[in-house]
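Everything on this sheet refers to the single structure shown next.
The values are calculated or read from the model by the stated rules, or taken from the named source; none is laboratory data. Bear in mind that the values here come from a model prediction, so they are computed numbers and not experimental data. Glycine also receives a Cβ, built like all others from the backbone with ideal geometry; neighbour counts cover every protein chain displayed.
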């Protein structure tokens with residue numbers, strides 16, 4: 001047994017022992033507040049058992065292990081339906097970026113430890129009402145205010161902002177230069193005066209995203225995480241982390257095993273649906289696509305482990321996986337026919353086909369729309385020309401409306 | 001578990017690409033389309049001279065003792081350049097069948113020649129759309145075989161074929177010496193594949209595997225070949241994606257490069273996705289040789305590589321517009337090869353069924 005197999009076996013045993021207390025069945029019927037409280041206790045249990053911050057430095061309370069251990073643990077953890085998604089963004093992007101770019105090391109260490117133990121949650125304040133794909137076109141501004149800054153504006157689509165203690169934010173500090181050059185990156189206290197969070201109910205009935213308003217929110221300069229005007233680079237660094245955190249070949253929908261099981265259980269034309277060629281083709285195609293993504297993701301982690309920069313193919317995951325999940329979810333509902341109408345808006349998109357289907361459009365838009373991702377591949381990877389961009393090179397405050 | 005290529009493997013990729021780009025070009029390949037029974041001799045001479053024929057065979061049998069990962073890298077480059085003969089895969093399949101299921105005498109008789117490339121092998125299992133027929137078109141009686149196998153790639157040149165035959169109430173995997181066998185050339189859309197109908201009449205054959213194990217063995221051979229072919233398809237798709245990209249950067253319309261139009265650039269970006277998925281599946285499958293999930297991994301590689309090459313052929317020609325459909329530009333070489341490789345070793349219809357049987361816990 002390799003070291004990694006041994007690690008997997010130990011993690012699997014620990015996770016199985018936690019399942020009765022924190023897993024799928026334990027969560028049934030809980031209010032969101034109770035589920036979050038359970039999630040915080042589960043996160044603390046992970047920390048105590050050495051499964052929080054698996055690939056983070058030990059000086060910040062992590063385990064100092066590799067990406068392979070992290071992905072191994074995640075794959076095992078996914079099987080039990082634990083309430084860990086409240087911490088997914090927090091520990092995925094903002095806190096790692098804080099570790100990398102935060103200036104006050106004692107403060108950073110305290111925040112990281114609290115985040116790892118589920119006591120504090122961080123959010124990521126990037127998108128705005130005027131544009132999500134065009135990140136550098138954001139309008140929320142920070143103006144000099146005494147020794148610090150004063151923030152005014154609005155962010156949107158901020159996951160878990162309503163539970164967050166802190167957030168990382170990109171704002172415009174200079175409207176007189178081209179759009180990429182006038183941005184600065186800060187952290188903010190989400191409980192500070194002037195911060196207002198309003199949940200947005202999404203099409204599927206769920207409301208984990210929010211609008212966040214900033215009205216004369218005052219922060220000191222030690223909140224700054226980039227040079228003044230150098231915020232876009234840190235924002236891109238954040239999104240690069242996201243690329244490798246957001247790697248689920250199921251497109252954040254159900255595992256293909258669930259579809260295979262459904263096809264075995266349901267009869268179509270008097271035979272198990274698994275014997276129907278149309279169903280078989282979709283199973284095969286989806287498996288081939290997912291196994292390709294899995295291989296890409298494992299190779300990316302092997303490269304990181306070896307100190308190499310992973311290839312750009314990592315950007316394919318969300319593009320390819322989510323739209324496939326969308327179609328497969330439609331087919332799963334077709335397969336159930338009149339038995340497929342039942343809808344539980346609190347069901348998990350990872351386990352329920354209707355929930356997966358109705359929430360799939362969010363996945364194709366959040367974190368870079370399909371079209372934006374295709375443009376990025378075409379331009380950054382293949383070297384094809386940029387689109388016509390009338391705002392290019394001109395000061396932000398002179399861009400035609 | 002997948003792998004990262006080590007330095008030696010990267011060197012195989014670089015060197016084989018350099019050699020093939022220097023020696024194989026469309027000028028030599030285009031005329032082969034208009035003759036039946038000819039292949040690109042310099043390609044095969046190169047394969048022999050470079051040791052590619054011996055690469056994945058055991059050292060004890062005259063091979064170099066490497067495996068699917070290394071042969072896959074060669075096949076990828078051959079796919080980029082459009083290989084001039086089908087033998088790299090067909091001989092490999094025959095040699096693996098003899099290595100895995102043959103007697104010491106059979107190994108001694110055939111493997112050194114297959115490893116050096118002086119002997120050419122073929123795999124002949126298919127009956128029409130069924131790559132692994134339950135009722136093969138040939139029958140083995142004692143040590144004699146009768147019947148006709150249609151559409152055998154490399155069939156016009158092969159010295160030895162591995163066939164799946166009806167035996168006494170059960171399937172048999174057998175070795176057939178092709179001396180004196182009737183070969184009828186099949187004029188094809190991809191003539192350098194040397195496709196033939198092989199007619200056996202009381203031809204001498206040697207049994208390798210009998211019973212249900214014969215089908216399992218045949219599937220394993222097809223899977224090994226399919227991983228090689230999938231690399232070749234991925235190489236072809238990759239080349240087409242690059243050709244499309246380069247053309248979109250230089251060809252101008254409406255005052256700008258056509259690659260500046262999203263309908264074109266997104267089409268090429270989608271090709272990139274298909275190529276990378278196929279590549280990732282190929283690397284994974286090559287690394288799973290000998291593992292319990294090898295058939296599953298091979299099927300995934302095969303399906304994604306076929307989709308990548310077919311799509312790349314369609315879209316690359318489309319992006320070229322009128323020039324893309326001319327004989328001289330040669331994009332149809334890839335289009336033809338995409339289809340012949342899609343059929344050899346079983347089409348997507350076959351591999352979809354194999355894959356679902358594996359995933360659903362049933363056997364083929």
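Among the residues of this structure, residue B:145 counts as one that is over 21 Å from the mean Cα position of the chain (by Cα) and surrounded by 24 or more Cβ atoms within 10 Å (Cβ to Cβ). Taking the criterion of being free of Cβ contacts under 8 Å to residues at least 24 places away in the same chain, at negative phi and assigned to a helix (DSSP H, G or I), would at least one residue in the stretch B:59-67 satisfy it? Yes, the stretch B:59-67 contains at least one residue that is free of Cβ contacts under 8 Å to residues at least 24 places away in the same chain, at negative phi and assigned to a helix (DSSP H, G or I).
Taking the conditions (1) farther than 30 Å from residue B:5 by Cβ; (2) within 14 Å of chain B (Cβ to nearest Cβ); (3) not in a helix (DSSP H, G or I) in turn, residue A:372 satisfies each one other than (3).
Candidates A:289, A:303: the one that is in contact with a helix residue (DSSP H, G or I) (Cβ under 7 Å, 6 or more places away or on another chain), outside any loop (DSSP other than H, G, I, E, B), facing another protein chain (nearest Cβ under 9 Å) and within 30 Å of residue B:358 (Cβ to Cβ) is A:289.
Of all the residues in the stretch B:247-259, those that are surrounded by fewer than 21 Cβ atoms within 10 Å (Cβ to Cβ), in contact with a strand residue (DSSP E or B) (Cβ under 9 Å, 6 or more places away or on another chain) and facing chain A (nearest Cβ under 9 Å) number 1.
Being at the interface with chain A (Cβ under 8 Å from one of its Cβ atoms), in contact (Cβ under 8 Å) with a residue 24 or more places away in the chain and crowded, with 24+ Cβ neighbours inside 10 Å: is that true of residue B:277 here? Yes: the conditions hold for residue B:277. Residues that are in a helix (DSSP H, G or I) and over 21 Å from the mean Cα position of the chain (by Cα) within the stretch A:42-57 comprise A:45, A:48, A:49, listed in sequence order. Residue-level analysis places residue A:313 outside the set of residues that are in contact with a strand residue (DSSP E or B) (Cβ under 9 Å, 6 or more places away or on another chain) and either within 12 Å of chain B (Cβ to nearest Cβ) or at negative phi (or both). Within the stretch A:244-259, the set of residues being assigned to a helix (DSSP H, G or I) and crowded, with 20+ Cβ neighbours inside 10 Å comprises A:256, A:259. Taking the criterion of being on the phi > 0 side of the Ramachandran plot, outside the structural domain of residue B:346 (by TED's automatic domain parsing) and at pLDDT 95 or above, would at least one residue in the stretch B:177-184 satisfy it? No, that holds for no residue. Of the residues making up the stretch A:6-26, none is in contact (Cβ under 8 Å) with a residue 60 or more places away in the chain and not in a helix (DSSP H, G or I). Consider the stretch B:261-274 and keep the residues that are surrounded by fewer than 21 Cβ atoms within 10 Å (Cβ to Cβ) and more than 30 Å from the chain's Cα centre (by Cα). The one that is farthest from the other protein chains (Cβ to nearest Cβ) is B:263. Within the stretch A:375-401, restricting attention to residues that are outside any helix (DSSP H, G or I) and over 20 Å from residue B:256 (Cα atoms), the residue that is farthest from the other protein chains (Cβ to nearest Cβ) is A:395. In the set (1) assigned by TED's automatic domain parsing to the domain that holds residue B:310; (2) touching a helix residue (DSSP H, G or I) at 6+ places or on another chain (Cβ under 7 Å); (3) surrounded by 21 or more Cβ atoms within 10 Å (Cβ to Cβ), residue B:172 fails one condition alone, (1). The single residue among A:365, A:296 that is at the interface with chain B (Cβ under 10 Å from one of its Cβ atoms), within 21 Å of the chain's Cα centre (by Cα) and either surrounded by fewer than 16 Cβ atoms within 10 Å (Cβ to Cβ) or modelled with pLDDT of 90 or more (or both) turns out to be A:296. Only a single criterion out of (1) in contact (Cβ under 8 Å) with a residue 60 or more places away in the chain; (2) on the phi < 0 side of the Ramachandran plot; (3) more than 11 Å from chain A (Cβ to nearest Cβ) is not satisfied by residue B:323, namely (1).
Scanning the stretch A:19-39 for residues that are more than 24 Å from the chain's Cα centre (by Cα) and surrounded by 18 or more Cβ atoms within 10 Å (Cβ to Cβ) yields a single hit, A:26.
Conditions tested, residue by residue: (1) at the interface with chain B (Cβ under 9 Å from one of its Cβ atoms); (2) surrounded by fewer than 21 Cβ atoms within 10 Å (Cβ to Cβ).
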| site | (1), (2) |
| --- | --- |
| A:278 | no, yes |
| A:307 | no, yes |
| A:320 | yes, no |
| A:323 | no, yes |
| A:328 | no, no |
| A:342 | no, yes |
| A:348 | no, yes |
| A:352 | no, no |
| A:356 | no, no |
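Do we find that residue B:66 is within 21 Å of residue B:289 (Cβ to Cβ) and surrounded by 22 or more Cβ atoms within 10 Å (Cβ to Cβ) in this structure?
Details: within 21 Å of residue B:289 (Cβ to Cβ): yes; surrounded by 22 or more Cβ atoms within 10 Å (Cβ to Cβ): no.
No, not satisfied.
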